[in-house]
1. Among Glu325, Glu395, which comes first, then next, by fewest other beta-carbon atoms within 10 Å?
2. Sort the stretch 55-96 into rounded, prolate or oblate with this rule: let a ≥ b ≥ c be the square roots of the eigenvalues of the Cα gyration tensor; rounded if a/c is under 1.5, and if a/c is not under 1.5, prolate when a/b is larger than b/c, oblate otherwise.
3. Going by C-beta contacts inside 10 Å, put Lys203, Lys52, Lys212 in order with the fewest on the left.
4. Multiplying the sequence separation of Gln335 and Val127 by 0.36 nm and subtracting their Cα-Cα distance, what value in nm do you get?
5. Arrange the peptides 358-370, 106-118 so that the one whose residues have, on average, the most other Cβ atoms within 10 Å appears first.
6. Tell me, Arg324, Arg74, Arg270 in order of fewest to most beta-carbon neighbours within 10 Å?
7. For the stretch 44-114, just run the numbers: alpha carbon Rg, then divide by 2.2 N^0.38 Å, N being how many residues it has.
8. Pulled fully out, how much extra length does the chain show between Gln198 and Asp382, if you take 0.36 nm times their separation in residues and subtract their Cα-Cα distance?
Amino acid sequence: MIALFLAVQIAGASASARAPTFIVVRDGQATTSVPVTISDGQPCVRADLLMKAMKGMLITGTNLHYTLALPRARLDLIDGIPFAKLDSLTVPLTRAPQVRGGQLYLPFQFVSEVIPRYGGGYFYDVVQGELRTSGFVAVSRAPAPTGSAAAPTVTAAPAPAPVRTRPAPRVSAPKVIVIDAGHGGPDRGMTGPIGTPQWFTEKDVTLSVAKKITTVLRARGFDVLMTRTTDTLIALSDRGRMANSNHGDVFISIHCNAPGSNTAAGARERGFETYFLAEAKTEDERRVQDMENESVKFETGANAPKGDPLNFIITDMAQNEHLRESSDLAQTIQQGLIDVHPGPNRGVQQANFSVLRGSYMPAVLIEIGFGSNQSEATYLSDQANQRALARNIAESVIAYLQHYDSRIGGAR
Ligand SMILES: [Zn+2]
């Protein structure tokens, strides 16, 4: 943490030393100057002036949201938040954009790195202090008589090193694994099987399996946080919050599946699938997403999600950093389950689960099978089968953590 802080300080200092008092935005023959101002010792530029010079537009949204609309790219920002968003990509910033005196100021890093890399065809020439459209060949800025053929110099800035604000790898720190038993209390989850008296209740099976996973992981020396250990209702948003405040390293949510309709065809649906957080892409993913997000209706008062878009975007941004890890973790778990689960293997899926959304760590949701299917409900209710599933999931999580450790340990 200290090392990271120093690195940021040094980067900031050198950026400050490098930044000119103004930059020139060049688009073909047209040039516009944009002043570089210093705030808290750091260089920055006014977003509206920069956008105007670049023939773009600064769009002011609600809730402190801003969009830099460039001719070929759009970057979304939030006042005070050190991230920019480009479609689904989250770009960490060394400092947050800030509104002062009614104007949005961007850290100089936008001119030197962010726009050259993500702006859709710009280079920043450090020597000339010039931001220009790519393909344009720079002519020496020394006042040249009209018509003189000054030697053209192409001074495209080299691609800057990737910006990293991720915390230092926690290789040696003990791992905290969060195990989330789906539903609970009045929220029973799905019940089944279809076509019989309902003897299978999701909330009971998820708790039973979650406890067994916890037993295996604790025996292997891991710290485990269970979001619930009894038949109680825990708000979806509180599950993630709990995981964050306990510094969880991974978040595993256990659920049982049900088909979209109580038809004979629906009753035949079976198999296991693992989800990671992202926009749902298919009808089926959307169905499972809506089903699991239903739990919100049991939540009241302070627990109910506020639907605050600012809060959502920040959460979304933080979670995005873990998208790749979450996808890897889902893959590892899904592959592992093939060895024990009768199947079929329904694959790794993606959806926007509320429960996964609130956790700032790699997070997955496992649908361990269909409680709506007579034989799978029987399989899932069996204690020995639950132990086998739990052992398998626990081993996959451990394998993932070890792989992740060696990967980040080796790369840095
Ligand atoms: Zn569920």
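Taken together, the values in this text are just the output of simple stated rules run on the coordinates, not laboratory data. Note that the coordinates shown come from a computational prediction; the quantities given were computed from them, not determined experimentally. Note that we place each Cβ from the backbone using ideal geometry, even for glycine, and neighbour counts take in every protein chain shown.
1. Glu395, Glu325
2. oblate
3. Values: Lys203 25, Lys52 15, Lys212 21.
Arranged by neighbour count, lowest to highest, Lys203, Lys52, Lys212 become Lys52, Lys212, Lys203.
4. Here the answer is 69.7 nm.
5. 358-370, 106-118
6. Working: Arg324 11, Arg74 17, Arg270 22.
Final ranking by Cβ density, sparse to dense: Arg324, Arg74, Arg270.
7. Numbers: Rg = 10.8 Å, N = 71, 2.2 N^0.38 = 11.1 Å.
Taking the Cα Rg and dividing by 2.2 N^0.38 Å, one obtains 0.97.
8. 64.6 nm
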